[in-house]
Every structure is written in C-alpha cells, then in structure tokens.
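Okay, so here's the structure we're looking at.
The values are calculated or read from the model by the stated rules, or taken from the named source; none is laboratory data. Remember, predicted model here, so these are calculated numbers, not experimental data. All Cβ positions, even for glycine, are placed from backbone atoms using ideal geometry, and neighbour counts span all protein chains on display. Ligands, DNA and RNA are stripped out before the accessible areas are found, and what is left, the full protein with its side chains, is counted by its heavy atoms. Shrake-Rupley method; radii C 1.70, N 1.55, O 1.52, S 1.80 Å.
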Amino acid sequence: MPHAAILRDVPQFTVDWMLEPENPAVSVLTRRTLLGEPDDAATATLWERRNEYAPVESILRSQQADGSWDVPSRDYQKYRGSLWQIVFLGELWADGADARVQAAAEYAFGRQKPDGMWSANPKASYFMPCLTANVGRGLARMGWARDERIVA
C-alpha cells in the first residue's frame, strides 16, 4: 500500500528522481516502501545492480585482498577505516552475494570481540555500543541479519 500521507507533500520531481535507475537500491526501496509496488522483473534487475552504483563501486574498488581498507590499527579511523566502510556499504544496501562484500564481512567479523561487540580497539576491554550497532546494521542490510555473530 502506498504511503499517500507521506507522498502527499513530496514534489513529483523528487519521487521521479528517487526512481531513477542510477541508484538501484533507492529506486527499489522507493517502489517497495513508498509506492507500495510489488516486486517484478524490473525491480529484481535493479536490486541485482546495486553494487554498480558509483559510491559502492568506489568503496569496493579500494578494498584490499583481505577484505579490509586499511591496517587493522585504523579499523575505526573516522570515515576511512575498514569498519566505517562496512557501515557505508550497509547504508548503500550493497549486495552481500558479491565476493568482495563477503570478504569485507568476514574481515569485520574477524574484528568482533568475543562478546559480540565491536570496539575501536578489539584488544581493549571497553566496547562501543554505537559502533556495534552501526557495523551490525550494515552487515544485516547486506545479508547477515540472521547470522549468529550479528545476533550476538
């Protein structure tokens, strides 16, 4: 069911812009959640293309072979560290079926503390609820929502 109350005040050119195929995830999510359209072949094709979106491509292109983006001591470096890249990929709804995204997820899980939390320093005794929530949400959006490591 479309969200008529929400869309009532949204200019049509904004809705049209959100439906542009340039950003496949936004287009599909707009169709599903705002317009209440059922998935069809066009929606499925768009959803499969979400890693082609320029920001996702750029993040994945700069990834290292081990699934990280920088040295482990800088996993939490604001906006540049590996854990931040997981957050960004999740916000962009990257496709978790992609081998590069899977490598990134495994890297992130490798940095997780035994209690399930993430910290700026996995060896430290403190934890960071905000980082844990952000990394967990990013991984969940990319397909690991039911993974026992996220549930932890």
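Residues that are open to solvent by less than 70 Å² (accessible area, probe 1.4 Å), over 30 Å from GLN12 (Cβ atoms), in contact with a Leu (Cβ under 8 Å, 6 or more places away or on another chain) and not acidic (Asp, Glu): does region 31-54 have at least one?
The answer is no; no qualifying residue exists.
Scan ALA103, ALA99 and give me the residue that is touching a residue at least 12 places away in the same chain (Cβ under 8 Å) and under 17 Å from MET142 (Cα atoms).
Checking each option against the conditions leaves just ALA103.
Which ones in region 49-71 are part of a helix (DSSP H, G or I) and in contact with a helix residue (DSSP H, G or I) (Cβ under 8 Å, 6 or more places away or on another chain)?
Answer for region 49-71, where residues must be part of a helix (DSSP H, G or I) and in contact with a helix residue (DSSP H, G or I) (Cβ under 8 Å, 6 or more places away or on another chain): ARG50, ASN51, GLU52, PRO55, VAL56, GLU57, ILE59, LEU60.
In region 96-137, which residues are assigned to a helix (DSSP H, G or I) and of a type in the set (A, V, I, L, M, F, W, C)?
Hits for region 96-137 are ALA99, VAL101, ALA103, ALA104, ALA105, ALA108, PHE109, CYS130, LEU131, ALA133, VAL135.
Return yes when ALA140 is within 30 Å of LEU46 (Cβ to Cβ), under 15 Å from the mean Cα position of the chain (by Cα) and part of a helix (DSSP H, G or I) and no when it is not.
yes
Name the residues in region 67-88 that are open to solvent by 50 Å² or more (accessible area, probe 1.4 Å) and either modelled with pLDDT of 95 or more or of a type in the set (Ser, Thr, Tyr) (or both), would you? Show your work before the answer.
Our first condition is that a residue be open to solvent by 50 Å² or more (accessible area, probe 1.4 Å); within region 67-88, this holds for 71-74, 76-80, 88.
Answer for region 67-88, where residues must be open to solvent by 50 Å² or more (accessible area, probe 1.4 Å) and either modelled with pLDDT of 95 or more or of a type in the set (Ser, Thr, Tyr) (or both): SER73, TYR76, TYR79, PHE88.
Find the residue count for region 129-152, including only residues that are within 14 Å of GLY81 (Cβ to Cβ) and open to solvent by less than 30 Å² (accessible area, probe 1.4 Å).
Number of matching residues: 3.
It is to be established whether one or more residues within region 7-24 are touching a His at 6+ places or on another chain (Cβ under 8 Å), modelled with pLDDT under 95, open to solvent by less than 80 Å² (accessible area, probe 1.4 Å) and not charged (D, E, K, R).
Among the residues of region 7-24, not one is touching a His at 6+ places or on another chain (Cβ under 8 Å), modelled with pLDDT under 95, open to solvent by less than 80 Å² (accessible area, probe 1.4 Å) and not charged (D, E, K, R), which makes the answer no.
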